[in-house]
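Working notes for the structure below.
Just so you know, all these numbers are worked out from the coordinates, no wet-lab data involved. All values reported here derive from a predicted model rather than from experimental measurement. Please note: Cβ atoms are built from the backbone with ideal geometry, for glycine as well, and neighbour counts cover all protein chains shown.
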Amino acid sequence: MATLHRSPTDNWLTLPVATWQDTYETLHLWTQIVGKIRLALTPKINHWWHSTLYVTPRGLTTSTIPYGSRNFQITFNFLLHQLVIETSDGTTRIIELAPQSVANFYQTVINTLKEISIDVRIWTMPQEVAAPIPFEQDEKHTAYDREYAQRFWQILVQTERILSRFRSGYAGKCSPVHFFWGSFDLAVTRFSGRRAPQHPGGVTNMADWVTREAYSHEVSSCGFWFGGGGQEALFYAYAYPEPEGFKDYPIQPQEASYSSDMREFILPYEAVRQANDPDTMVLTFLQTTYEAAANLAQWDRAALDYAPVLKS
């Protein structure tokens with residue numbers, strides 16, 4: 001494998017889409033399998049918050065999933081390259097993360113769960129991907145490069161850290177920092193408290209009623225996406241519904257812009273990597289794009305914005 005160059009601080013790693021496309025596509029589908037298991041067994045929470053994954057010091061996890069009088073969790077460990085299944089009765093099962101087809105990964109996970117008396121059925125059609133292949137039939141996607149898998153996770157660690165810091169400045173309803181396995185991005189969403197007009201839907205391989213539940217209320221949302229379809233990785237921010245004047249609002253930093261195709265503000269990941277102070281650049285982007293949404297839509301910022309109480 002070719003040498004990959006790191007940024008000066010070693011925190012923001014290079015990961016151009018073309019260098020890891022095959023691993024990207026396989027990991028996307030593996031996370032969908034695990035995410036759909038959580039979705040199938042976890043009590044429903046508004047906006048599909050019961051379906052997402054979370055960043056850990058070693059990878060991604062479902063967090064606790066209830067199952068009868070027991071519970072369990074499934075974790076991708078990208079340091080040891082393992083999928084770890086742990087239950088509340090002390091059982092642990094480990095599946096090696098290595099090059100293998102989506103079909104094999106799916107069957108191994110389902111069979112391993114059955115061995116520890118967890119029976120789950122999921123809809124096996126992938127979501128939000130072009131030309132989806134049912135998991136049990138997918139022999140096309142087989143790549144798993146350890147270096148790229150670790151870089152993917154390490155970028156998530158940095159992004160989760162900053163999104164969590166940004167999340168702390170809000171007293172209104174706000175989502176956790178979620179990894180959405182459908183769109184393969186990390187996001188946090190602030191809510192104004194008002195209901196939104198019905199979303200038009202139209203997301204690739206996603207039922208419109210699913211999207212409408214996600215956007216039932218007015219939001220300002222931001223996050224990080226790993227790229228695809230000719231687009232490199234980027235930070236993004238959008239509002240639903242988008243208020244008049246949103247795309248022309250004077251946001252910062254200067255490297256950010258509004259994408260008419262994506263209908264959101266974007267900040268290229270490479271600009272962040274090359275910045276002298278990446279954290280400040282991203283936080284400035286998140287704050288000014290939130291202000292664009294909240295100010296133009298006349299959110300009650302006096303009630304919603306939050307400054308943590310500090311010790312005197």
For the pair ARG58 and ASP261, the simple spin-label estimate (label points 7 Å beyond Cα toward Cβ) gives in nm 4.0 nm
Out-of-range pairs (alpha-carbon distance over 32 Å; input LYS114/LYS173; LYS36/LYS247; LYS114/LYS140; LYS44/LYS247):
LYS114/LYS173; LYS36/LYS247; LYS44/LYS247
Output for the range 24-57: trypsin sites (Lys or Arg not before Pro) sitting in coil per DSSP, at most 13 other Cβ within 10 Å, listed by number, reads LYS44
Given a Förster distance of 35 Å, the FRET efficiency implied by the Cβ-Cβ spacing of ARG146 and VAL210, rounded to the nearest 0.05, works out to 0.55
As a footprinting exposure proxy, order TYR258, TYR106 by other Cβ within 10 Å, with the fewest listed first.
TYR258, TYR106
Computed over the chain: longest principal axis from alpha-carbon atoms vs helix 102-115 long axis, angle to nearest 10 degrees, is 70 degrees
Around MET125 (Cβ within 15 Å, Cβ-to-Cβ, excluding MET125; K/R +1, D/E -1) the net charge comes to 0
Once you list every other residue whose beta carbon is under 14 Å from the beta carbon of THR23, what net charge do they have if Lys and Arg are +1 and Asp and Glu are -1?
-1
Starting from the Cα gyration tensor of the range 126-215, take the square roots of the eigenvalues, sort them a ≥ b ≥ c, and report rounded, prolate or oblate (rounded when a/c is under 1.5, otherwise prolate if a/b is larger than b/c, else oblate).
oblate
Given a Förster distance of 25 Å, report the FRET efficiency between GLN21 and GLN254 from their Cβ-Cβ distance, rounded to the nearest 0.05.
0.25
Got a sec? Charge dipole of the chain, +1 on Cβ for Lys and Arg, -1 for Asp and Glu; which of ALA18, ILE251, PHE191 is way out at the positive end?
PHE191
Once you list every other residue whose beta carbon is under 13 Å from the beta carbon of SER101, what net charge do they have if Lys and Arg are +1 and Asp and Glu are -1?
-4
Measure nothing fancy, just the Cα-based angle from helix 278-296's long axis to the longest principal axis of the chain, in degrees from 0 to 90, nearest 10.
60 degrees
Could you let me know the centre-to-centre spacing of the range 36-53 and the range 222-265, using Cα atoms, in angstrom?
27 Å
So for the range 73-133, using the alpha carbon gyration tensor with a ≥ b ≥ c as root eigenvalues (a/c under 1.5 gives rounded; past that, a/b versus b/c decides prolate or oblate), I'd call it oblate
Shape call, the range 203-256: gyration tensor on alpha carbons, a/c limit 1.5
oblate
